[in-house]
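Below is one structure, written out as structure tokens; comments come after it.
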Amino acid sequence: QLDETVVNRIAAGEVVVRPANALKEMMENCLDAGSKHIVIALKAGGLKMLRLEDDGHGIRDEDMPILCERFTTSKLCAYEDLNSIATFGFRGEALASISHVAHVTVTTMTAKDSTARVAQYSDGKLRAPPRACAGTRGTTIVVEDMFYNNPTRRQALGKDSIEHAKSLDVVQKYAIHYPKVSFTCRKAAGAVAELHTQGGAEATSRQVISAVLGSALASQLFDFEVSSEEPKFSCRGLATGPQWTARSMSLTLFINNRSVECAALKRAVENVFASVLPRHQHPWVYLALDLDPTTVDVNVHPTKNQVQFLHEEAIAEKVQCILALKLKERAGSRTFDAQTSLLVSTAAGSARQKTLSVARPAAAAAPSGQPVPPISLDAFSSLAAGQPLVSFDGSLPGETMEDVLVEATPQPSQWQTQGPRRVELNPVRIRTDHRQRSLESLFREKSSQGATAGAAGSGDAATASASPTRAYAALQGAAPGSASGAGAATAEGEEDEAQRLEAFRDAQQLTSLCELRALASLACDDQDFSQGLNHSVYVGPISRELALLQCGSSLCMANLCLLGREFAYQRLLRLFGGIGRIALREPLPLLELLRLGISDPDSGYDASDQQQPPVDAEALAGQFAELLGERAEMLNEYFMMDIREGQLWSVPNALGLTSDVGLKFDGLPLLLLRICAETNWDEERACLEGLCRRIADFAVEALLPDREEAQKVVASSLGPAPSAATDAEALTAAVEAGEYPDVVAAAMAAKSKRQRVLGPNVLQELRYLHEAIRADAGSAGAAAACRWPGAFRKDGALVKLVALEQLYRIFERC
């Protein structure tokens, strides 16, 4: 004879197949206890931890020692009671089976108890006497390390995400059937519940379906109900009509309030919908059967997911009849939501949807110029007659036949159409057309502010080109700014759009450019890392180059200078030949810019350094100016850097900015110098890479905060360094005057009185740089967005400070 422990574990393996079965058993116990609020928490799909909390009547103190023993139940006393059982449990095996495959902790409190009690169970036995603890009325069961003693079963289960989905499906079914009970289900480390229903006396199953499965499904449901005396049963439910389909059949079936499966009923429902829905399309059905308990055998399956009942075929036939009748009532019409702008061009068509239905014969159409009458579904007789079949139903007031009818046949005499109408763009209304200005374009714009090109020393201002993000649209740039006055930007020279588009396409086919893109893609070894960074949230600045970002559930410190350079470099590669330009209000003399660049301390040319050979700055500037003049056509075609007549007219818009606020052009002379001196003009790939890197560095440096200003802000945020003697005297005087009890209290009060000078817009250029990265990722799409090198996670460009999951663990310990 087998040992009792072996027998119990074998039996437990039949009852608890996976975490979803254990959850179902425990939820049914909660409902038997009269619970109105049930909260479930899952970790690793329930394998590591499954926690269930309810507000039922609790467990009595005298029942705690035998709670997890087999064949221990309060639901029935004799076998005859099984014939009229109205509760879920009857075997007394649920908690016993769970305790044989996991560690179980039970905390319970009844209405008569003054304190709660907690107890732990293993292999069906109480490990230690229950002890008093804090708690509320109800029961909380925690199941940990499920199948820890059965590694084969645990390995045979699916991934944690699959087990979590199965457990969530069980909760959804019971939430639909018990709408008056509040259900909440979340992951153990999750801050937001994945499923939550309000419950309450007024709640309905339709409301729960709308909250759990979506309003799109709930709006397509219809109610049905049927009852009979022979055989005696009643049935109610919800089902989708002909306008909603899915790729698989979804039947939520409850028989006498038990979630079960019944192949006969499922086939009956599928046969009804087979004649209405297209091939390989299925409905969603919720069915609740109330049968005479004496006709139902609930003890036919270890997990109780199947039952047997009398008159199965007769009941299935009656359910088929009521569903067929309801579907027949709704088979008179079928509507499809379609964007009007795809079918007809009208002034109002871009902002509304219409109902597409089968039309009447053309002879019955309203005369031209008259409002369109309601069109109902006719028996598809017009198909054979070759008459028009497409029209619009539900026209707006004042629309005429010409405004709404679409030509559906090659017979223009039967239908009238109008040519495309120009969409009126009204910036006052809500944006309903992609050609209207979006809110993102206004993020950084202020009232008539210009960026000074201080490098030339002439106060020349520049304006950022409002270049579109899409590659094909980037060929047209418009400079934002005021329309008139001294600060107005001059319009760019008109260029032939067709030629620009052709040049852009040719540039995109360069072999060297494709190789550089491939190298950038290979450097990205983690798509999740790139996606999290592209959709990060700006938190606040730290210094001139460092800022705090929220990437998913993690708080990170990011070097936006390094990130911005990599972003601008990849954007230059992606939109090569159509990057857009920043047009200067007045052209800057090229020779003068190069002289300033040579005299810049960062250029490497130091006239006072005796160890370096003497440099003729004038001759070198002339040589570089001649080089830029020779390469002007290439720079203008590929990088939108317009150099003509010895003057600089525009620079590339590498970051895709839409405003000139905060831009500083102090580095423009150094950019021209680096382009001339550090670019390998002999090799195409090295040349393109060098130019993109130099332009990316300049674009980021032009947007970063001023160094001196950033140092002042950081220093002021830390506070001035006080004199130790002065500080001590002031604290001692305050204590002697009786203002504070001791020196420690005085020091704390003095610290709290220090005024911080940081305002809401401090170092806001970092926010602009991050917004440029995030906006480009949103407009370019996941496939074309910046792919961040994996080395950024190791070289300090992005440092993870803390994760939300770690904080939750700390809170749970507290």
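Checking the a/c ratio against 1.5 first, then a/b against b/c, what shape does the Cα gyration tensor give for the range 514-574? Since a/c reaches 1.5 but b/c is at least a/b, the shape of the range 514-574 is classed as oblate.
For the set 605, 569, 538, the ranking by accessible area, highest first and with no ligand, DNA or RNA atoms included, is 605, 538, 569 under a 1.4 Å probe. One chain, two ends: residue 522 and residue 314. Fully extended at 0.36 nm per residue, the span grows by 68.4 nm beyond their Cα-Cα distance. Placing R0 at 30 angstrom, the Cβ-Cβ distance between residue 709 and residue 677 gives a FRET efficiency of 0.50 after rounding to 0.05. Separation of the range 532-550 and the range 194-262, taken as the distance between their Cα centroids, equals 46 angstrom. Each 10 Å bin from zero holds the following percent of Cα-Cα pairs in the range 187-346: 9, 32, 32, 19, 6, 2, 0.
Figure the gain on full extension for residue 539 and residue 206 (residue separation times 0.36 nm, minus the Cα-Cα span) and round it to one decimal in nm. Display every interim value, and only then the final one.
Numbers: separation 333, 0.36 × 333 = 119.88 nm, distance 4.06 nm.
Result: 115.8 nm gained on full extension.
Taking label positions 7 Å along the Cα-Cβ direction at both residue 264 and residue 684, the computed distance is 7.6 nm, reported to one decimal. When the accessible area of the range 221-307 is split by element with a 1.4 Å probe, what percent falls to carbon and sulfur? After summing per-atom areas, the C and S share lands at 42 percent.
As a size descriptor, the averaged projected area of the C-alpha convex hull of the range 556-661 was calculated at 9.6 nm².
Return a whole-number percent for the relative contact order of the range 83-225, with Cα pairs under 8 Å and 6 or more residues apart as the contact set. Walk me through the intermediate numbers first.
Working: 193 pairs, mean separation 20.5, N = 143.
The value is 14 percent.
Note on residue 742 and residue 227: the extension gain reaches 177.1 nm, defined as 0.36 nm multiplied by sequence separation minus the Cα-Cα distance.
Distance cut-off 22 Å, Cα to Cα: go down the list 43/173; 266/318; 173/266; 48/112; 232/328 and report the pairs above it.
Values: 43/173 20 Å; 266/318 13 Å; 173/266 16 Å; 48/112 33 Å; 232/328 26 Å.
Violating the 22 Å limit, Cα to Cα: 48/112; 232/328.
Summing charges over all other residues whose Cβ lies under 9 Å from the Cβ of residue 18, with Lys and Arg as +1 and Asp and Glu as -1, gives +1.
Overall, the anisotropy analysis places the range 109-215 in the oblate class: the square-rooted eigenvalues a ≥ b ≥ c of its C-alpha gyration tensor yield a/c not less than 1.5, with a/b not exceeding b/c.
Of the whole protein surface, residue 649 contributes about 70 Å² of accessible area at a 1.4 Å probe radius. The distance between label points at residue 732 and residue 290 comes to 8.8 nm (points 7 Å beyond Cα on the Cα→Cβ vector).
I'd like the FRET efficiency for residue 234 and residue 127, computed as 1/(1 + (r/R0)^6) with the beta carbon distance as r and R0 of 51 Å, rounded to 0.05.
Values: r = 47 Å, r/R0 = 0.91.
The computed FRET efficiency comes out at 0.65.
The values are calculated or read from the model by the stated rules, or taken from the named source; none is laboratory data. Remember, predicted model here, so these are calculated numbers, not experimental data. With ideal geometry, Cβ positions are generated from the backbone for all residues, glycine too; neighbour counts draw on all protein chains shown. Side chains are part of the model used for accessible areas, which takes the heavy atoms of the whole protein and leaves out ligands, DNA and RNA. Shrake-Rupley method; radii C 1.70, N 1.55, O 1.52, S 1.80 Å.
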